[in-house]
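Okay, so here's the structure we're looking at.
The values are calculated or read from the model by the stated rules, or taken from the named source; none is laboratory data. Just so it is clear, the structure is predicted and the values come from calculations on it, not from any experiment. Note that we place each Cβ from the backbone using ideal geometry, even for glycine, and neighbour counts take in every protein chain shown. Surface accessibility is based on the protein's heavy atoms, side chains included, excluding ligands, DNA and RNA. Shrake-Rupley method; radii C 1.70, N 1.55, O 1.52, S 1.80 Å.
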Amino acid sequence: MTIVIKRNKWEIWRDVIFALFAREIRTGFNDKFGLSWAVLNPVAFIFILSFLRGRLDGGETHTIPTFTFMAIGILFIQSFIQTLGKSARTIKQNKPLYAFRQVQPLSAVIAGGFFQILIKAFVIIGIIIIMYFLGIDLQISDPLLFISCYFLLILLAMGIGLVFGIAELFVQEFSKIREMMTRPLFFISGVFFSLQDIPKEYWHYLNWNPILHAIELTRYSVYSTYGHQGVSVGYLAWCVLIFTFLSLALYHTLWKQAISQ
Amino acid sequence: MININDVTKYYPSKLGKQYIFKNLSFEIPNGHNIGILGSNGAGKSTLFRLLSGSEYPNNGSIITDLSLSWPVALTTGIHPLMTGRENTRFIGKINGVADLDAYEERVKMFAELGNKYNLPVKSYSSGMKPRLAFACSIAIDFDVYLIDEVTSVGDAKFRRKAKEALLERSETANVIMVSHEMDEIRQFCDSAIVLHKGELTFYNDLEQGIEQYQAL
């Protein structure tokens with residue numbers, strides 16, 4: 001006899017998210033490279049861009065090594081764009097699983113978020129190893145700020161991805177809008193520059209963007225000499241809180257209709 | 001008992017909302033093996049998906065304290081890149097099976113996949129996948145099994161086995177099934193629900209229900 005445990009709501013969520021997470025690891029990258037490609041690809045990308053840029057400008061940007069400066073920017077923007085895309089896509093991909101009443105689109109998004117964090121943790125380790133061999137100074141002055149910025153960024157990406165994922169179940173063409181919207185983010189989020197490079201009177205064109213705040217604050221968390229001009233944790237946290245709230249509210253009202261299409 | 005409270009369900013279409021159920025209230029009684037009868041397009045499958053929780057009504061609610069299976073032998077949840085064993089484990093974990101290892105073995109025994117159980121599902125023949133799906137659901141003890149056309153599962157031998165397992169199970173649990181084969185319904189069910197123009201009628205006696213259905 002197979003005994004089924006009576007679980008409360010939270011235990012069901014936990015089990016479902018764990019099962020989806022394991023399934024993601026198993027099937028997320030199914031070619032010969034497997035999971036390692038998900039780590040090697042961004043590490044190589046970050047290495048090449050940061051290394052070249054470091055060579056071009058003599059190695060320092062606003063008191064921090066250019067390699068570190070660039071690596072943080074690219075790591076963060078990549079994490080954001082990939083988590084956003086993943087969250088939106090996973091809702092549709094897992095549609096067959098909603099036949100099990102325990103599985104909800106939100107659990108798929110959360111499992112996808114954990115998966116992204118896991119992969120990016122390995123990417124960070126890869127970059128640290130490269131930095132060690134390049135002889136770049138490894139230091140971090142405020143690890144807690146680093147971690148908070150990263151989690152806030154992932155949360156923001158998941159929230160926006162959730163909205164798009166639900167919208168795409170109703171109207172598929174939203175995926176095209178999503179792709180179009182994420183493209184410029186690479187250039188306006190301070191990946192290649194710092195807010196300090198820009199004259200103050202133009203800041204308002206850029207500093208509405210919470211991703212820029214996250215990236216600049218993270219640079220500051222690594223080297224406190226970098227400063228945190230024009231950005232604040234408060235703004236970032238409020239943005240994330242509001243987006244998360246709105247996306248959850250929208251999700252709560254729409255998800256049943258969305259999967260019943 | 002399954003309570004259907006004031007359920008409205010429609011599908012949007014170019015011609016406006018296509019209503020399947022409008023303010024439907026109904027009580028599906030306990031302790032019966034029920035066949036759902038209805039002509040094509042009457043909403044049998046929709047009712048079925050609403051009961052199993054794969055879809056939700058636009059309005060109203062369906063409440064029960066019984067554990068209902070997902071549609072038995074539904075293969076859509078099985079991932080082609082994972083092995084039979086991994087798929088089984090996934091389904092077991094989601095449904096809260098206490099002893100996953102024992103469950104794995106039980107499914108393996110029932111599905112008769114042999115060594116292929118440890119190979120990705122995409123390498124299975126077309127009959128093997130439904131067999132795995134069927135085994136996954138029958139190996140969990142639900143109060144009610146929702147069955148959509150059992151006869152489509154596997155070859156004659158496996159079908160017989162599936163029927164026997166279901167018959168055995170229907171002594172302690174109940175089934176709710178949809179089928180166009182009256183023989184099959186007669187074999188499993190003792191009462192019927194006839195679905196006509198968005199209304200449900202329960203017949204305690206199966207034959208009476210079939211008569212009504214055929215007179216429609």
* To do: Could you rank the peptides B:154-166, B:31-43, A:87-99, A:169-181 by their average count of other C-beta atoms within 10 Å per residue, with the highest value first?
  => A:87-99, B:31-43, B:154-166, A:169-181
* Under 17 Å Cα to Cα from B:LYS22, which lysines show up? Leave out anything in the same chain fewer than 8 places away. => B:LYS9, B:LYS44, B:LYS197
* List, in order, the whole-Hz ³J(HN,Hα) value for each residue of the stretch B:39-56 obtained from phi through the Karplus relation with A = 6.51, B = -1.76, C = 1.60 and θ = phi - 60°; use x for Gly and Pro. => 6, 4, x, 6, x, 4, 5, 4, 4, 4, 5, 5, 5, 7, x, 7, 9, 10
* Mean Cβ count within 10 Å, highest first, over the residues of peptides B:76-84, B:46-54 -> B:46-54, B:76-84
* Asked: Using +1 on the beta carbon of Lys and Arg, -1 on that of Asp and Glu, and nothing else charged, what's the dipole of the stretch A:11-259 about the Cα centre, debye to 20?
  -> 800 debye
* Asked: Considering only protein heavy atoms, what is the solvent-accessible area of A:CYS239 at a probe of 1.4 Å, reported in Å² to the nearest 10?
  -> 20 Å²
* Column: log10 I(q)/I(0), Debye, Cα scatterers of chain B, q = 0.14, 0.18 Å⁻¹ -> -0.88, -1.28
* To do: Compute the long axis of helix A:66-93 from its Cα atoms, compare it with the longest principal axis of the Cα atoms of chain A, and write down the angle in degrees, 0 to 90, nearest 10.
  => 10 degrees
* Would you mind computing the Rg to Rh ratio of the protein assembly as shown from its alpha-carbon coordinates, Kirkwood style for Rh? => 1.08
* Which whole-angstrom value gives the distance between the alpha carbon centres of the stretch A:50-101 and the stretch B:186-216? -> 59 Å
* Any idea what the relative contact order of chain A is, in percent, if you count C-alpha pairs under 8 Å spaced at least 6 apart? -> 23 percent
* Note down the nm distance, to one decimal, between modelled labels 7 Å out along Cα→Cβ at A:MET181 and at B:SER123. => 4.3 nm
* Asked: Straight-line reach from B:LYS161: which aspartates and glutamates have a Cα under 12 Å away, not including same-chain ones fewer than 8 places off?
  -> B:GLU112
* **Inter-chain shielding of B:52-59 (mean C-beta neighbours from other protein chains, 10 Å cut-off)** => 5
* Calculated FRET efficiency, B:LYS22 and B:ASP183, Cβ-Cβ r, R0 30 Å, to nearest 0.05? -> 0.35
* Asked: If you take the C-alpha gyration tensor of the stretch A:11-259, multiply each eigenvalue by 5 and take the square root, what semi-axes do you get, largest first, in whole Å?
  -> 33, 21, 15
* **Pairwise centroid distance, computed over Cα atoms, of the stretch B:1-28 with the stretch B:39-86, Å** => 16 Å
* Under the definition of partner shielding as Cβ atoms of other protein chains within 10 Å of a residue Cβ, what is the mean value for peptide B:60-72? -> 1
* What's the average, rounded to a whole number, of partner chain beta-carbon atoms within 10 Å of each residue's beta-carbon in A:91-101? -> 5
* To do: Please determine, in degrees from 0 to 90 and to the nearest 10, the orientation of helix A:105-134 with respect to the longest principal axis defined by the Cα atoms of chain A, where the helix direction is its Cα long axis.
  => 30 degrees
* 0 to 90° range, to nearest 10: angle between helix B:156-172 axis and chain B longest Cα axis -> 60 degrees
* So between A:ILE128 and A:GLN261, what do we pick up on full extension, going 0.36 nm a residue minus the alpha carbon distance? -> 43.2 nm
* Go ahead and run the numbers for FRET between A:ILE25 and A:ILE3, Cβ-Cβ distance against an R0 of 25 Å, rounding to 0.05. => 0.40
* **Computed FRET value (nearest 0.05) for B:ALA215 with B:ASP65, which takes r as the C-beta separation and R₀ as 56 Å** => 0.95
* Asked: In chain A, what is the count of Lys pairs whose alpha carbons are under 15 Å apart, counting only pairs at least 8 residues apart or on separate chains?
  -> 6
